[in-house]
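Undergrad: There's a structure below that I have some questions on.
Coordinate-derived values only; no laboratory data. Predicted model, so just to flag it, every value in this text is computed and none were measured. As a convention, Cβ positions derive from the backbone with ideal geometry for all residues, glycine included, and neighbour counts pool all protein chains shown.
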Amino acid sequence: MSDILDYIEEINPDALYPTGLEDAIIGMTTGIVSDGVVVLDHEKCVEIFMKRDGMTYEEAVEWMSFNVTGAFMGEHTPIFVHMTNHFV
């Protein structure tokens, strides 16, 4: 995991990500509008909250909605992706 964090730091030292959810980082953006923004797997974040904090699935999804994905931290706010393989 430190390799991806080192790479992100090199590309965008101002990139933000939620502490404790590093294992859910799947990459970063490249583009005109949002270059160097950290991208996390939403479902992996939920799994981390369930395992680490003993939350039920519903509690973890609600926590994500109100406290993580709903938090705007400026132009470097991380992006959370619902991976398509979770829907198959």
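Undergrad: Considering only segment 35-59, how many residues are more than 22 Å from Asp3 (Cβ to Cβ) and either without any contact (Cβ under 8 Å) to a residue 12 or more places away in the chain or touching an Asp or Glu at 6+ places or on another chain (Cβ under 8 Å) (or both)?
TA: 10
Undergrad: Evaluate the following for Lys51: is it under 14 Å from the mean Cα position of the chain (by Cα), surrounded by 10 or more Cβ atoms within 10 Å (Cβ to Cβ) and basic (Lys, Arg)?
TA: Against the criterion (under 14 Å from the mean Cα position of the chain (by Cα), surrounded by 10 or more Cβ atoms within 10 Å (Cβ to Cβ) and basic (Lys, Arg)), Lys51 does not qualify.
Undergrad: Output yes when any residue across segment 7-17 is in contact with an Asp or Glu (Cβ under 9 Å, 6 or more places away or on another chain), free of Cβ contacts under 8 Å to residues at least 60 places away in the same chain and within 12 Å of Phe80 (Cα to Cα), and no when none is.
TA: So far as segment 7-17 goes, no, none of its residues is in contact with an Asp or Glu (Cβ under 9 Å, 6 or more places away or on another chain), free of Cβ contacts under 8 Å to residues at least 60 places away in the same chain and within 12 Å of Phe80 (Cα to Cα).
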